[in-house]
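The values are calculated or read from the model by the stated rules, or taken from the named source; none is laboratory data. Just so you know, these numbers come straight off a predicted model, no measurement behind them. Every residue, glycine as well, gets a Cβ built from its backbone with ideal geometry; the counts of neighbours run over all protein chains shown.
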Amino acid sequence: MRDSSELQHLEPCSFCKLITNSSHNGILIIDETGKILVYNEAARRMLGDEKNSAVGRYFWEIRPDTWPDLREILETGHPQLGKKIILPKATIIANRSPIVVNSRVVGVVSIFQDISEYESIISGLEGYKKLHRELEAIFESSFDGLYIADSKANTIRINRAYERITGLRREDLIGRNMRDLVVEGVFDHSVTLDVLEKRDQVTIMQKIKGDKLTLVTGTPIFDEDNNIALVVTNVRDITLLNQLKAQLEETRRLSSRYYQSLLEKEKFQHDLQDMLVKSNSMAQTVQKAIKVASVDSSVLLYGESGVGKTMLARLIHLASPRKERPFIKINCGAIPDSLIESELFGYSKGAFTGAAIDGKAGLIEVGHTGTVLLDEVGELTLPMQVKLLQVIEEKTFTRIGCTRPTSVDVRIIAATNRNLKQLVENGHFREDLYYRLNVIPISIPPLRDRREDIVALAFNCLEKYNLSNGASKRLDSLVLDRLLEYHYPGNVRELINIMERMMIMSDGNTISSCDLPIELKETSRAHVSSFLSSFQEGTPLRTSLELFEKAVIEEELKRHDSLSEVARVLDIHPTTLWRKITRLNIARHVAEKQ
């Protein structure tokens, strides 16, 4: 009442001034000429007028930028409501109305409010809304299940991943207390309750309804008074984790070895094209290999270096029921003795200094369910022969540094260019292993004993070279003759090398005798010299032919151990060969063969 009585003593103008200056909103009144009649403190502050009073001044002197709007109201009598005006020091919303007396506009009253603070609040709210949307997206996109409860163990939120992992629905859980859910058997144990009790992070294995096992970690969230406000639970399907762990270990263990196996399989088509079969002897060898491919018996491939033992082993593998499984080639002669055991049989974690952290799978283990080719098997040391015998007989082996044996299912194919029987007699190869490997022996004839394959192999090399290099090279007939005459101590591998050398080094499209390697030229000269020295000038044609026939038979008798082999190479019947030997007076060779 004291304030009211004081107001009553004020003059009307003073009373109005007190009211307007007490208003938080700006108040501006002008007359029809634009002169300012009322201009309160809030208006002066918002409009940035530094003078104490603007009453009696014309408005356009203070705010020339907004005068056109007020002039329009004076002229039209139309109000402007909710007009947003951006000023240097504030953003205001103004409601401007005309003052009408006797239907005539005699002035304008403008009431405006500073909304800068509200805009700041709105901007902050928009920021919070954006942050909320982002956190919501993160919460729902998490691969792990998330379960949030309050300080009383009431369920507040769960994400989609939690529903996927547990099979529980959020509408059945949100609002429910964890204690009730445990009593009902939805959970066998609650990490939320453990966190509330211990006030610390807790990790447990939780069994959820439906016998699903999960790894659960509960983390407390504290408020400013150090009281638990929330419990955030992270849930992960342990079954999936175990599967991923096993897959990772399997990948680490086999990736490098399977890569080799894939390369071997990819290379098979290329190698098979090189293994052209025209001769009867090689056709019989391949037939035998295909026949034994269907069984798991050990195979021992005999043959000189370069005859194609590896290609024949691949053929056996790809014709077997194991064709979709690994094919692993192990060159026993190329691995140092100090590494042979770890390479063949692997080692366990920490087996020796410098060992891989997670251990290493051996080549035998990588070949599990597939085929393992032991090339140059005669080079294996006696201790390694014992371990190989264990693989064949017991289907097990033991890694270095491991005490438990590992089971393995592999088909063993061995290959050698040495006389294993002789090695057994000399004590360099175990007799029991020899008989285990020599279940099905297959001997691959050298190229010089199957000359029918030489031309086919040569033209195959020529065709592939022309195709890959856009060339059109061809072989001179004399070159073919020299290729057929050569002895080929390096077998098929040497023939391929000779062809590649001639194709690269020849200048024109025709590979002629001048492109022949020196070893073929020398062989040719030796044959010609030998033949020419066997008869004198003026020798009748029939005698010359007999001398040539005798030279050919004698040469083949030197190369082969039996008359049947010589007959097969010359493509004549053994009886016919016997008659020719007798007729040509080369009986001493017959005696040597017998």
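Report those helices (runs of 4 or more DSSP H) wholly inside the stretch 371-443 carrying at least 3 residues which are more than 25 Å from Pro326 (Cβ to Cβ) and not basic (Lys, Arg).
In the stretch 371-443, the matching helices (runs of 4 or more DSSP H) lie at 420-425, 431-437.
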Checklist entry - How many residues, within the stretch 445-457, are among the hydrophobic types (A, V, I, L, M, F, W, C) and touching a helix residue (DSSP H, G or I) at 6+ places or on another chain (Cβ under 6 Å)? => result 3
Checklist outcome for this item: Inside the stretch 129-154, the number of residues satisfying the requirement of being β-branched (Val, Ile, Thr) and over 30 Å from Val183 (Cα atoms) is 1
Checklist entry - Regarding Thr166, is this residue crowded, with 17+ Cβ neighbours inside 10 Å, touching a strand residue (DSSP E or B) at 6+ places or on another chain (Cβ under 9 Å) and modelled with pLDDT under 85? => result yes
Item to check | Identity of the residue in the stretch 308-353, within 30 Å of Leu447 (Cβ to Cβ) and free of Cβ contacts under 8 Å to residues at least 40 places away in the same chain, that ends up surrounded by the most Cβ atoms within 10 Å (Cβ to Cβ) | outcome: Ile335
Item to check | Check on Ser534, touching a helix residue (DSSP H, G or I) at 6+ places or on another chain (Cβ under 7 Å), modelled with pLDDT under 60 and not in a helix (DSSP H, G or I) | outcome: yes
Item to check | Which listed residue is under 22 Å from Thr219 (Cα atoms), free of Cβ contacts under 8 Å to residues at least 40 places away in the same chain, over 38 Å from the mean Cα position of the chain (by Cα) and exposed (fewer than 12 other Cβ atoms within 10 Å of the Cβ), from Gly175, Gly124, Gly185 | outcome: Gly175
Item to check | Residue satisfying condition, being out of contact with any Ser or Thr (no Cβ under 7 Å at 6 or more places or on another chain), under 30 Å from Asn40 (Cα atoms) and surrounded by fewer than 10 Cβ atoms within 10 Å (Cβ to Cβ), within set Pro88, Pro98 | outcome: Pro88
Checklist outcome for this item: With criteria (1) under 30 Å from Ile413 (Cα atoms); (2) out of contact with any Asp or Glu (no Cβ under 8 Å at 6 or more places or on another chain); (3) of a type in the set (Ser, Thr, Tyr), Ser477 comes up short on (1)
Checklist entry - For Leu433, are the conditions met, namely being out of contact with any Phe, Trp or Tyr (no Cβ under 6 Å at 6 or more places or on another chain), in the same structural domain as Glu304 (by TED's automatic domain parsing) and surrounded by 15 or more Cβ atoms within 10 Å (Cβ to Cβ)? => result yes
Checklist entry - Restricted to the stretch 565-583, and to residues that are within 56 Å of the chain's Cα centre (by Cα), in a helix (DSSP H, G or I) and not hydrophobic (A, V, I, L, M, F, W, C), which residue is nearest to Leu484 (Cα to Cα)? => result Arg568
Next on the checklist: Checking the conditions here, which among Glu485, Glu425 is more than 44 Å from the chain's Cα centre (by Cα), among the charged types (D, E, K, R) and surrounded by fewer than 13 Cβ atoms within 10 Å (Cβ to Cβ)?
Outcome noted: Glu425
Next on the checklist: Condition first: hydroxyl-bearing (Ser, Thr, Tyr) and surrounded by fewer than 19 Cβ atoms within 10 Å (Cβ to Cβ). Now tell me which residues in the stretch 134-163 satisfy that.
Outcome noted: Ser141, Ser142, Ser151
